[in-house]
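The values are calculated or read from the model by the stated rules, or taken from the named source; none is laboratory data. From a predicted model like this one, the values you see are computed outputs, not experimental measurements. FYI the Cβ positions are ideal-geometry reconstructions off the backbone, even for glycines, and counts take in every protein chain you see. Just so you know, the surface numbers come from the protein's heavy atoms only, side chains and all, with ligands and any DNA or RNA stripped out. Shrake-Rupley method; radii C 1.70, N 1.55, O 1.52, S 1.80 Å.
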Amino acid sequence: MTTIGTAATQIPVSKIIPMLMAINERDYLQFKKLEKTFVTQHSVEVWQDIFNFRLLPALDQQSKKWLLQAWCSEGMVSLHDVI
C-alpha cells in the first residue's frame, strides 16, 4: 500500500459522513466547503484517494449524477485552484 493509501485508511468515517450528508441534501456549497477543509488538513492526494475509493462508491446513481452536474455547472476547476 502506498503512503497516500495508508494515510487515507487512517481518515475516520466521521470526516466523510458530513460530505455524504451534503451530497444527500444536494448542498454543493457545503460539499465544496468540506472538501476544501479536508484538502487543507490532509492533502490533495489523500482527498483523491478518499473520494475515488470511499466516497464515490458509496453514492447511489442519482447522487453521482447530481454531483457530476454540479461540478460541470461551475466549469472546469482544478482541485489545486480550490485551495
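Among the helices (runs of 4 or more DSSP H) lying completely within the chain, list those that include at least 2 residues that are at pLDDT below 90.
Qualifying helices (runs of 4 or more DSSP H): 3-9, 61-73, 79-82.
Inside the range 49-68, can you point out the residues that are in contact (Cβ under 8 Å) with a residue 24 or more places away in the chain, under 15 Å from LYS15 (Cβ atoms) and out of contact with any Gly (no Cβ under 9 Å at 6 or more places or on another chain)? Break it down stepwise before answering.
As a first pass, look at the range 49-68 and keep what is in contact (Cβ under 8 Å) with a residue 24 or more places away in the chain: 49-50, 53-55, 58-59, 63, 66-67.
The next check asks that each one be under 15 Å from LYS15 (Cβ atoms); those that pass are 49-50, 53-55, 58.
Of everything in the range 49-68, those that are in contact (Cβ under 8 Å) with a residue 24 or more places away in the chain, under 15 Å from LYS15 (Cβ atoms) and out of contact with any Gly (no Cβ under 9 Å at 6 or more places or on another chain) turn out to be ILE50, ARG54, LEU55, ALA58.
Just give me the residues in the range 3-23 being open to solvent by 90 Å² or more (accessible area, probe 1.4 Å) and within 13 Å of the chain's Cα centre (by Cα), in sequence order.
Within the range 3-23, the subset open to solvent by 90 Å² or more (accessible area, probe 1.4 Å) is 3, 10, 21.
Of everything in the range 3-23, just one residue is open to solvent by 90 Å² or more (accessible area, probe 1.4 Å) and within 13 Å of the chain's Cα centre (by Cα), namely MET21.
Take the range 12-48 and flag every residue that is in contact with a His (Cβ under 7 Å, 6 or more places away or on another chain) and touching a residue at least 40 places away in the same chain (Cβ under 8 Å).
Restricting attention to the range 12-48, the residues satisfying the condition of being in contact with a His (Cβ under 7 Å, 6 or more places away or on another chain) are 44.
None; the set is empty.
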